[in-house]
1. If exposed trypsin sites (Lys or Arg not before Pro) are those in a DSSP loop with at most 11 other Cβ within 10 Å, what is the longest stretch of the chain that has none?
2. Can you tell me, using C-alpha contacts under 8 Å and at least 6 residues apart, the relative contact order of the chain as a whole percent?
3. Quick one: length gained pulling Asp171 to Tyr154 fully straight, 0.36 nm per residue minus the C-alpha distance?
4. Accessible area of the chain with a 1.4 Å probe: how many percent of it is carbon plus sulfur?
5. Provide the gained length on full extension for the span Tyr50 to Lys68, in nm with one decimal, where the gain is 0.36 nm per separating residue minus the Cα-Cα distance.
6. I need the calculated FRET efficiency for the pair Ile145 and Leu92, taking r as the beta carbon distance and R₀ as 41 Å, to the nearest 0.05.
7. Along the charge dipole of the chain, which of Ile305, Leu105, Ala24 sits closest to the positive end, that is, farthest toward it, with unit charges on the beta carbon of Lys, Arg, Asp and Glu (+1, +1, -1, -1)?
8. For the pair Leu102 and Lys211, how long in nm is the line joining their label points, each one 7 Å along Cα→Cβ?
Amino acid sequence: MTLENCSILTKWLNFNKQYHSIWAVIILSLMSMSFIVTDWMIGIFTLSDYIFAVVGLSLIISGNYKLKKKQLLWILLILGLIAINIIMNIQLNSSFILKTGLASLIRISYYIAITFGVYNYVKEQKLEALFLKILNIIAVIICLIGIYITLALYSNGQLPYEFFWRFTRTDLLSYAFNENIDFIRTRSIFSEPAYLGYFLNIILSMNYFNKVDVKIKKGFTIFISLTIFLTFSYSAIGIMLMIQALHFIDKINLRELKWTKRTTIYLLLIIAVVFFSWDLINETIINRTVDIISGEDGSAYFRIIRSWDYVNMEHIFLGNGIGHTPNIWNVYAYLLSDLGLVTFLLSCVFSIYALVTNFKMGVVFIALNFQKGGYLNPAFSIFLLLFFIYIGNKKHGRYKV
């Protein structure tokens with residue numbers, strides 16, 4: 001590189017430093033937005049895939065894309081193990097499709113490159129508070145859109161909403177409980193109510209259990225919790241109640257539980273929602289609980305047990321090959337089916353590490369991996385990104401949002 005080129009590069013980097021705060025808002029807003037459009041398909045890719053590319057380009061242009069040597073070694077190790085798995089499947093598994101395997105390897109490489117870059121950017125620039133604030137603002141906007149769409153559906157065409165679902169599902173089953181239009185489930189711009197619940201539960205858990213000491217106002221968490229309730233997704237509500245219970249225990253331990261006028265308002269609001277939604281609650285939660293216990297509703301059985309049906313015992317060590325498992329609800333079953341026993345055991349070790357490092361967040365991590373499958377989906381990569389950012393040890397000082 002010539003001296004002139006070095007001078008131009010230095011000037012460009014100095015120029016970007018002057019606008020650091022603008023770049024931070026742009027990059028973190030794009031990354032947050034990518035989380036809410038993981039279901040939007042444009043061609044063979046999701047809109048999140050395209051946004052990831054813009055995020056990566058923004059990091060490079062602003063001079064903020066960095067990878068540490070240890071991280072590079074970990075990346076090469078992960079991709080190397082997958083590459084070895086592909087090679088061995090080519091030799092030993094006649095049903096393995098090389099094109100599918102290579103496409104999946106490229107996809108996971110792409111996600112790893114972007115998430116590591118964003119992680120380093122957030123940590124180096126100490127943007128944890130800003131990132132979580134942006135995520136919460138976008139979550140509230142998504143909740144408001146979801147409530148609007150629900151009201152629009154109840155209005156029988158009086159309010160427009162179809163443009164929100166331009167790139168995702170529009171079928172009756174995706175928003176009406178058992179295709180009954182009298183019971184509308186809030187799903188916002190996601191393809192299913194459960195996926196909206198998945199997104200909101202992640203934000204809720206980061207708000208409560210982050211160890212970088214970012215404090216989020218109660219109004220955000222209350223509104224997010226109420227919206228999860230309106231999804232009437234059995235798994236999402238169950239995980240949300242678990243998160244609230246863990247948070248409640250945490251507050252008791254810290255002796256910070258205080259009854260204030262605001263607490264009374266929140267409680268009355270919850271009671272009002274339950275009262276006016278009782279028929280819906282009775283149909284979608286109480287009756288469904290009875291059906292699950294009696295065995296008439298097999299969704300829990302399929303989620304926990306039948307997800308393992310695609311595990312091929314003849315190829316238990318290697319798996320069927322990356323990208324070869326159909327859509328299932330369980331990430332652990334996905335890994336065992338696709339990548340075999342070694343990868344599955346490593347995921348179990350990682351889950352134990354999560355529990356040891358941050359028990360409450362680790363419990364939520366495991367539960368969410370049973371709610372929504374798909375380790376090759378951008379949503380899982382973003383989940384891991386947030387998990388690594390906010391699981392770590394507390395820093396000096398406190399962020400308050």
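The values are calculated or read from the model by the stated rules, or taken from the named source; none is laboratory data. Keep in mind that what you see is a predicted model, and the values were worked out from it rather than measured. As a convention, Cβ positions derive from the backbone with ideal geometry for all residues, glycine included, and neighbour counts pool all protein chains shown. Just the protein is used for accessible areas: all its heavy atoms, side chains included, with ligands, DNA and RNA removed. Shrake-Rupley method; radii C 1.70, N 1.55, O 1.52, S 1.80 Å.
1. 259-393
2. On the way: 469 pairs, mean separation 81.2, N = 401.
Relative contact order, the chain: 20 percent.
3. Details: separation 17, 0.36 × 17 = 6.12 nm, distance 1.54 nm.
Additional length available on full extension: 4.6 nm.
4. On the way: 14110 of 20880 Å².
C and S atoms contribute 68 percent here.
5. 4.0 nm
6. Details: r = 49 Å, r/R0 = 1.19.
Result of the calculation: an efficiency of 0.25.
7. Ala24
8. So the two model labels end up 4.2 nm from each other.
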